[in-house]
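One structure below.
The values are calculated or read from the model by the stated rules, or taken from the named source; none is laboratory data. Worth saying up front: this structure is predicted, and the values here are computed from it rather than measured. When we count neighbours, we look across all protein chains shown, and the Cβ atoms used for this are built from the backbone with ideal geometry, even at glycine. In case anyone asks, the SASA skips ligands and DNA or RNA and just uses the protein heavy atoms, side chains included. Shrake-Rupley method; radii C 1.70, N 1.55, O 1.52, S 1.80 Å.
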Amino acid sequence: MERVTLTTAAPEFYNDLCEVIRLFTGECAIGEEAGGALEVRHTVEGGEHVVRAGNAEARAALTPDTGDVLETKRLRKRAIKSAVYQAMKRLTGRKPPWGSLTGIRPTRLLYEQRAAGASEEEACQRLESLFDVDREKVELLRDIARVQDGMEGPGPNDLDVYVGIPFCRTRCSYCSFAATDLKHGAKLTEPYVQAVIREMHLVREELSTRRTRALYIGGGTPTALTCDQLARVMDAALECFPGAQEFTVEAGRPDTIDEEKLRMLRSRNVDRISLNPQTMNDETLRRVGRDHTAQDIRRAYARMRDMGFSVINMDLILALPGEGVDDVKRTLEAVAELAPDNLTVHTLAVKRAAALRSEGYAADEDAAQEMVALAARAARGMGLVPYYLYRQKYMAGNLENVGYCRPGAPSIYNVDIMEEIAPIAAFGAGAISKWLYPAARRIERAPNVKNIEQYIARVDEMAQRKRSLWSKGGCQGEEGEQAEEN
Ligand code: SF4
């Protein structure tokens, strides 16, 4: 759709209402100027919210003042979003799988209902009735919550540590990260390594009373660094933040892994490693700019197994360009033969910074849904259970990303980050540190600059941003932005 005209009596929720409309229209321009291909109008009439979308109409009761400003605002936003959703659903005759939910973390809503006293089944039913979520998705959330319930949560003094290495051998066409390929960025790797080590040392003192819960070296592709460079980064992380219960390194692409690097990782007690094929079809790998084959993945996987990494994760992306349901089926069969301990199934999200976006690629939504269902069945067939889930903007079919694990082998880091239940000290270009204010349901962030050269030049300032964040850490007050809501 070219352009939608949206007017609302609640302009403070304008962006939220746009997100609901895009559940039905896909990415499109939305503004207040008259003359859009579709007109959506929200008014308050006779004590009700009234939403008209084209010739469809939906109404919602005004919500009461609860006496709690945030809660009152939340309920009001939900009522208006729900009315827009119902009007769009009537107009289009379409039913998005996640109903009116537009947030990244739908598990939150299940926990919210349980916290309000609902049993597991009551909480599930409320997600269906309040937000029109498909039963199958609600059951997925329920299964995830069961796994998370069995995990030990973070203590009040716990902290996760992330170190980002924004280099890759080549750039994938769907990539929206601030990662640079080695052809253009090789000269930056050494100054970057020195900068990130400096950043960790600059803040270690402030965090010395904290217990490191999970240490995660991600990217980019950390193993795109030389063995010596990566070893220095890891040694600095282990020195500054010792005692992690879990240590993960992303070795995302097989063309960056050799025996020397794997030995170095094992010698530093890395117990989790990621090898991310995305697809096991060579033609697709070439098409999306990945400089390796499925056979390279098999070889790298066998090496990792031989070296004794206790958990190997594999990432897949569904709805890649040129791939149909049969391609995904072949990939899942190939992955099942390898039997990874964790499997992360992403649905392609073509974000603004991705090359694919400028090529105008749009996935077939029905096929994407079928692929997601196929992957869920395949993961369970491999003996894996879902343990975390998140959604993103621009996802094919408004679907989801799901992390599956062998029972007993979920990643603490992934759950902490996705559920936002532990503070994180994050180092490197584009890394975002977070401090939580649970009582006020708020989160404060300290983002590092994304540009690698800027990061190197301004690393002391990045460390200072973090120090300022921690120095307010005892506060349960009003700083920070409100945690995301649906
Ligand atoms: S491996 Fe990941 S970070 Fe690197 S270019 Fe591909 S998608 Fe981007």
| field | Solvent accessible area, Å² - GLU337, 1.4 Å probe, full protein context | value | 150
| task | Using only the Cα atoms of segment 39-152, build the gyration tensor, take square roots of its eigenvalues as a ≥ b ≥ c, and label the shape rounded, prolate or oblate: rounded if a/c is under 1.5, else prolate if a/b is larger than b/c, else oblate. | result | oblate
| field | Debye intensity ratio in log₁₀ form over the Cα atoms of the chain, taken at each q of 0.08, 0.09 Å⁻¹ | value | -0.51, -0.65
| task | Label segment 271-428 by shape, choosing from rounded, prolate and oblate, from the square roots a ≥ b ≥ c of the eigenvalues of the Cα gyration tensor; if a/c is under 1.5 it is rounded, and otherwise prolate applies when a/b is larger than b/c, oblate when it is not. | result | rounded
| query | Nearest 20 debye, what's the magnitude of the dipole of segment 1-94 about its Cα centre given +1 on Lys and Arg Cβ and -1 on Asp and Glu Cβ? | reply | 360
| query | With point charges of +1 on the Cβ of Lys and Arg and -1 on the Cβ of Asp and Glu, referenced to the Cα centre of the chain, which listed residue (TYR216, ASN15, THR284) lies farthest in the positive direction of the dipole? | reply | TYR216
| Taking Cα atoms, how many degrees apart are the long axis of helix 135-149 and the longest axis of the chain, rounded to 10 and kept between 0 and 90? | 50
| message | Tell me the relative contact order for the chain as a rounded percent, counting alpha carbon contacts under 8 Å between residues six or more apart. | response | 14
| Considering only Cα-Cα distances, which of the following residue pairs are longer than 32 Å: LYS329/LYS434; LYS89/LYS434; LYS183/LYS351; LYS73/LYS137? | LYS329/LYS434; LYS89/LYS434
| request: At q = 0.10, 0.16 Å⁻¹, work out log10 I(q)/I(0) for segment 1-94 with the Debye formula, treating every Cα as an identical point scatterer and leaving solvent out; two decimals please. | output: -0.24, -0.60
| query | Any idea what angle helix 69-92 forms with the longest principal axis of the chain, computed on alpha-carbon atoms, 0 to 90 degrees, nearest 10? | reply | 80
| request: Report the label-to-label distance for HIS201 and THR92 in nanometres (one decimal), using points 7 Å from each Cα along the Cα→Cβ vector. | output: 5.4
| query | Rounded, prolate or oblate: which one fits segment 158-419, using the alpha carbon gyration tensor with axes a ≥ b ≥ c (rounded when a/c is under 1.5, else prolate when a/b beats b/c, else oblate)? | reply | prolate
| query | To the nearest 0.05, how large is the calculated FRET efficiency for THR72 and GLN295 if R₀ is 51 Å and r is the Cβ-Cβ distance? | reply | 0.30
| Whole-percent carbon and sulfur share, accessible surface of the chain, 1.4 Å | 48
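What does the accessible area per residue of the chain come to in Å², with a 1.4 Å probe and no ligands, DNA or RNA counted? Mind showing how you got there, number by number?
Working: 20110 Å² over 486 residues.
Per-residue value: 41 Å².
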| said: Given points 7 Å out from each Cα along the Cα-Cβ axis, report the ARG286 to GLU260 separation in nanometres with one decimal. | reply: 3.1
| In nm, to one decimal, how far is the modelled label at GLU190 from the one at SER267, with both set 7 Å along Cα→Cβ? | 2.1
| task | With everything on Cα atoms, drop me the angle between helix 120-131 and the longest principal axis of the chain, reported from 0 to 90° to the nearest 10. | result | 60
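Suppose R0 equals 25 Å. What FRET efficiency, 1/(1 + (r/R0)^6) with r the Cβ-Cβ distance, do GLU122 and GLU57 give to the nearest 0.05? Could you put the intermediate results ahead of the total?
Details: r = 31 Å, r/R0 = 1.22.
The computed FRET efficiency comes out at 0.25.
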| note | Taking the chain and counting helices only, DSSP H stretches of n ≥ 4 at -39,500 (n - 2.57) each over all residues, the nearest-500 ellipticity at 222 nm comes to -13000 deg cm²/dmol
| message | Whole-Hz ³J(HN,Hα) for each residue in segment 323-331, computed from phi via Karplus 6.51 cos²θ - 1.76 cosθ + 1.60 with θ = phi - 60°, x for glycine and proline: what do you get? | response | 9, x, 4, 5, 5, 5, 4, 5, 4
